[in-house]
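I have placed the structure first, in the form of C-alpha cells, so that the comments after it can refer back to it.
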Amino acid sequence: MSQPNVVLHVADVHKRFGGLHALADIDLQVEEGQTHAIIGPNGAGKSTLLNVIIGKLPPSSGQVVFDGTVLTGRKPYQINQLGIARVFQTPEIFGDLSVLHNVMIPALAKRDGAFKLNMFRSLDSETGIREEAEHMLEDVGMLGRREMAAGSLSRGDKRRMELAMCLIQHPRLLLLDEPTAGMSRHDTNTTIELLKKIKSRGMTKVIIEHDMHVVFSLADKISVLAQGRIIADGTPDQVRGNPKVQEAYLGGAH
Amino acid sequence: MAAMPRNDLLLFAGFTLAVLTMPIWLAPFGAAYPDLLQRFMIFGIFAVGFNILFGLTGYLSFGHAAFFGVGSYAAVWSFKLLSLDVIPAMIFAIIVSGLFALVIGYISLRRSGIYFSILTLAFAQMSYNMAYSVLTPITNGETGLQLTQSDPRHLDSALAATVVGQPIPTLLGQSLGGFSGFYFCAGFLIIAFFLAQRITGSPFGMMLKGIKTNQTRMHYTGFNTKPYTLAAFVISGMYAGLAGALLAVTDPLAGAERMQWTASGEVVLMTILGGAGTLVGPVIGAWLIKYFENIFSAINDGILRRFFDFLPDGVDSAMVTVASKFVGEGWFLTLGLVFVIIVIFLPGGIMEGVRRIAHLFNRAPKAPGKANPQPQPAE
C-alpha cells in the first residue's frame, strides 16, 4: 500500500478555554487532493478547530503541520502566504470596493507578498492581474457584476466572490467554514456545483459543514467531531453506517 | 504621467487650474489676498495628507498637529542653522517630521480604533507640553522660536551671503512675500495633490482601502497590514510637516500652540466637512474652514450692531448678544454647529452633497471607485 501524501496534519491538539476542554486529543490527517469534511453537532468544536488550523487561536498543546511546515505560532497572513486560503462562515469581503477589486487584491497578495510599497504604479497598469481577476470572475459566473460594490451583492453572490478571492491565489489548501450557512436552497445548490467544479482542479479542501446534503455530495473523507473529540473517521459510507455517529449526531439532528 | 487614467488627468488639470487662478476667482469673495491664500494652500496640504491616513486607511489620528508643529520648528531651525533659503528648510522639515511620525506611528499603530486615536492624542499633547516646558532650549517655550540677526546660518555664511535687517526666508535669494509666497505654497499643494492621487490609484492605495474596509480579510488574504498602516501614517505625517514648514516660511515664528489638540481637531473637521476618502473634499473643507474662520473671527459687536440696526430697540440688542457668541472668539461655536449639521445630514461631507446634486441632473449611474472613491462615514 503506497503512503498517501498528507498535506495537513493536526497532531495531538488540545484547546482549553478556562475549564472547558474545547478540543481534546485531535489527530487529523488530510491527504493531498481530497475534500475532507469535519462535521459534528453545535458546540462540538468545529470552528475552534478551524481557528487553530488557520492561526487565529493558539492550541493549548500539540501542533498543526502543513506540508512539513509547522503552522502553530504563525500569523494568519504568514499562513496564507504558505498557500492556505479561507472562506468564512459569514463572507469576509471588502464591501466598499468593487467586485473586480475584491478579486484583484488577493491576486496582488499572491504576486507581491505580504508587503510591497507599490505606490508609484497605477492600478490601471496592472493589466495582467486585472485579466486574471476577470477570468476568475467568469469562472464563478460573476463577470457581469465586476463593477458593483461588493457590499450590495446577495449572500450567495458574496460567497461566490469570496470563493473567487480564495481561488485566484491557487491555494494548496482551501478551508471552508460552513460555506452554505444561511443560504437559500437555490444558493446552496449553486455553491455545491461550484465547489464540485473546483474539486476537479485537485485542490485539497477542508470543509466544515452542518448541512448533510452538502457534506455527502462533496466529501471524500469525513471526520465526526463531538464534544471536542473525533469520534469517527472515514469515507462517507463508513461514517454513515457508524452507530456512534448516528447516536451522537445524525440520530439527534434528523 | 502617461500611465495616468484620463479621469485622473482631468481631475488633476482642473485642480491645478482652480488653485493657480484663485487670486482671480476668489476676488469677489474678498479672499484674494496673499496671507489668506497661503493659509488655504498650507491647510489644504495638511488635509490632503491627513486624508491618506484617515480617509483611505480608516485610522483617525487626533494628534497630527504634532507633526505640523515639528515641521514648523524644523524649518525655523534650518533657517537659523543652515540657510534662509526655503528649499533646505522644506527638505529638513519633511525628514524630521517623517522620523517623528515613524516613532509615534510605530507605537500608536499597535492599537486600532478608539485606542489608536487616544494614543495619538496623548502623544501630541505630550509633544505640546514638552515644547512649552522641558524642550525650551529647542522650542524657545512660550515666546516661540524666531529668527534673529545673530543666527549662525552656516550654509549662508559659507557662501558669504549677508542679511541686512530682520532675516526673512527666501527662495534662491528672492523674497517670498505677497503673491510669490502664495505661488510657492500653491506649487507644493499641487505636487501634494498629485502624489495623493497617485497613491490613491496605486496598488498600495487599494491595500489601504482594503485595510479600512476589512482588516480581517486582509490578514487572511496574506497581507501584513502593519507596514501598510505605518507607511500611511508616516506619509501623512510628512505632509503635515511640509504644511508646518510652509507656515514657518510665511510666518517664521514657530510657537507650541501649533501642536495643540485643537489644531489636531481642526484637520479632522476639515477632512470630514469636505468628505473623507475623496481627493478634493479635504482641500475644500480646509478652504471653507479657513475662509469662514477669517470672516467670522473678524466680526465684532460693532459690526453686529450695525447689521441688526433695522430691528426695534431691545430686540436688536438681544440679537447682538446672541449672535456675538458665535463670532470673534466664539467662531468655534459656529464651526461646531456646522460640523454637527454636516455629520448628521451629510455624513459624506460636501463631496457627498455635490454627488447628490450631480445625481439629480445625471441619472446615469457611475462606476464605483473611479476618480472619487465613495466617501465613507466617519468611524
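The values are calculated or read from the model by the stated rules, or taken from the named source; none is laboratory data. Since we're looking at a predicted model, the values are computed, not measured. Glycine also receives a Cβ, built like all others from the backbone with ideal geometry; neighbour counts cover every protein chain displayed. With ligands, DNA and RNA removed, areas are computed over all heavy atoms of the protein, side chains included. Shrake-Rupley method; radii C 1.70, N 1.55, O 1.52, S 1.80 Å.
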task: Considering the options B:Phe12, B:Phe92, B:Leu60, tell which one lies farthest towards the positive end of the dipole of region B:1-121, charges being +1 on Lys and Arg and -1 on Asp and Glu at the Cβ, about the Cα centre.
output: B:Leu60
query: Size of the dipole of the protein assembly as shown about the Cα centre, Lys and Arg at +1 and Asp and Glu at -1 on the beta carbon, nothing else charged, in debye to 20?
result: 940 debye
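Step through the table entries A:Lys56/A:Lys244; A:Lys116/B:Lys212; A:Lys15/A:Lys158; A:Lys199/A:Lys221; A:Lys110/B:Lys212; A:Lys46/A:Lys75, compare each Cα-Cα distance with 24 Å, and write down the pairs that go over it. Please list the in-between numbers first.
Values: A:Lys56/A:Lys244 31 Å; A:Lys116/B:Lys212 17 Å; A:Lys15/A:Lys158 32 Å; A:Lys199/A:Lys221 13 Å; A:Lys110/B:Lys212 20 Å; A:Lys46/A:Lys75 20 Å.
As for pairs spanning more than 24 Å Cα to Cα, those are A:Lys56/A:Lys244; A:Lys15/A:Lys158.
Taking only DSSP H segments of four or more residues, each worth -39500 (n - 2.57), what value at 222 nm results for chain A once the sum is divided by all its residues, to the nearest 500 deg cm²/dmol?
Values: 8 runs with 83 residues, N = 254.
Rounded to the nearest 500, it is -9500 deg cm²/dmol.
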- prompt: How big is the Kirkwood radius of chain A, worked out from every pair of different alpha carbons and given in Å to one decimal?
  reply: 19.0 Å
message: List the residues, sorted by chain then number, that are 5 or more residues from A:Leu71 or on another chain and whose placed amide H is less than 5 Å from its amide H.
response: A:Val64, A:Val65, A:Phe66
- prompt: What FRET efficiency do you get for B:Ile95 and A:Asp237 if R0 is 56 Å and r is their Cβ-Cβ distance, rounded to the nearest 0.05?
  reply: 0.20
query: How large is ³J(HN,Hα), in whole Hz, for each residue of region A:174-185 in order, when computed from phi with the Karplus curve 6.51 cos²θ - 1.76 cosθ + 1.60 and θ = phi - 60°, using x for Gly and Pro?
result: 10, 9, 10, 9, 6, x, 10, 4, x, 9, 5, 3
task: Please give the average number of partner chain Cβ atoms lying within 10 Å of the Cβ of each residue in A:104-112, rounded to a whole number.
output: 5
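Tell me the per residue accessible area of region B:138-241 using a 1.4 Å probe; a whole number in Å² is fine.
Values: 4060 Å² over 104 residues.
Accessible area per residue: 39 Å².
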- prompt: What accessible area, in Å² to the nearest ten, does a 1.4 Å probe give for A:Met148?
  reply: 70 Å²
field: 5 Å-binned pair-distance histogram of region B:118-190 (Cα, whole percent)
entry: 3, 12, 14, 14, 13, 19, 16, 7, 2, 0
task: Give me a single rounded figure for A:75-86: the average over its residues of other chain Cβ atoms within 10 Å of their Cβ.
output: 4
statement: A correct Karplus calculation of ³J(HN,Hα) over region B:133-149, with 6.51 cos²θ - 1.76 cosθ + 1.60, θ = phi - 60°, whole Hz and x for Gly and Pro, returns 10, 5, 8, 3, x, 8, 9, 6, x, 5, 5, x, 7, 9, 8, 10, 4
- request: Can you pull a Stokes-Einstein diffusion coefficient for the protein assembly as shown at 37 °C (0.692 mPa s), Rh from Kirkwood over Cα pairs, as a whole number of µm²/s?
  value: 118 µm²/s
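Can you check how the C-alpha radius of gyration of region B:36-108 compares to 2.2 N^0.38 Å, as a plain ratio?
Working: Rg = 13.3 Å, N = 73, 2.2 N^0.38 = 11.2 Å.
The value comes to 1.18.
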- prompt: So what's the gap between the Cα centers of region A:70-119 and region A:201-242, to the nearest angstrom?
  reply: 27 Å
Sequence-distant residues sharing a close amide H with B:Thr170 (under 5 Å, placed H): B:Asp85, B:Val86
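Using a 1.4 Å probe, what is the accessible area per residue for chain A, in Å²?
On the way: 10700 Å² over 254 residues.
Per residue, chain A has an accessible area of 42 Å².
Whole number please: convex hull volume per residue of the Cα set in region A:91-154, in Å³?
On the way: hull volume 6.3 nm³, N = 64.
In region A:91-154, the Cα convex hull volume per residue is 98 Å³.
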query: With all pairs of different alpha carbon atoms counted, what Kirkwood hydrodynamic radius in Å does region A:108-233 show?
result: 16.6 Å
- prompt: If you count, for each residue, the other Cβ atoms within 10 Å and average over each peptide, how do A:39-52, B:139-152 line up from highest to lowest?
  reply: A:39-52, B:139-152
- prompt: Can you give the mean number of other chain Cβ atoms that lie within 10 Å of the Cβ atoms in peptide A:95-102?
  reply: 6
query: In whole Å, how far is the Cα centre of region A:8-29 from that of region B:167-221?
result: 50 Å
query: For region A:26-102, max minus min Cα coordinate along each principal axis, in Å, sorted largest first?
result: 41, 31, 27
- request: Provide Rg over Rh for region A:1-61; use the alpha carbon set for both Rg and the Kirkwood Rh (inverse mean inverse pair distance).
  value: 1.01
message: For region B:140-277, what are Rg and Dmax over the alpha carbons, in angstrom?
response: 20.0, 63
field: J(HN,Hα) series, region A:135-148, from Karplus relation 6.51 cos²θ - 1.76 cosθ + 1.60, nearest Hz, glycine and proline x
entry: 4, 4, 5, 5, 4, 8, x, 10, 4, x, 9, 4, 8, 6
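Mind giving me the FRET efficiency for A:Arg121 and B:Asp313? R0 is 56 Å, r the Cβ-Cβ distance, nearest 0.05 is fine.
Details: r = 69 Å, r/R0 = 1.24.
Between A:Arg121 and B:Asp313 the formula returns 0.20.
Can you check how the C-alpha radius of gyration of chain B compares to 2.2 N^0.38 Å, as a plain ratio?
Numbers: Rg = 21.7 Å, N = 379, 2.2 N^0.38 = 21.0 Å.
Ratio of Rg to 2.2 N^0.38 Å for chain B: 1.03.
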message: Under 5 Å between amide hydrogens, which residues at least 5 positions from A:Asp233 or on another chain qualify, with H placed 1.01 Å from N in the peptide plane?
response: A:Val224
- line: Over all viewing directions the Cα convex hull of region B:1-132 casts an average projected area in nm² of 11.2 nm²
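Ignoring ligands, DNA and RNA, how do B:Asp316, A:Asp220 rank by accessible area with a 1.4 Å probe, largest first?
Values: B:Asp316 25, A:Asp220 50 Å².
Greatest to least solvent exposure: A:Asp220, B:Asp316.
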query: Pick from B:Phe361, B:Phe296, B:Phe179: which is most flexible by mean-square fluctuation in a GNM of chain B where alpha carbon atoms under 10 Å apart are linked?
result: B:Phe361
task: Have a look at A:Asn189, A:Tyr77, A:Leu175 and report the one farthest towards the positive end of the charge dipole of chain A, computed about the Cα centre with Cβ charges (Lys/Arg +1, Asp/Glu -1).
output: A:Tyr77
message: Computing the accessible area with a 1.4 Å probe over protein heavy atoms, can you report the carbon and sulfur percentage for region B:6-279?
response: 70 percent
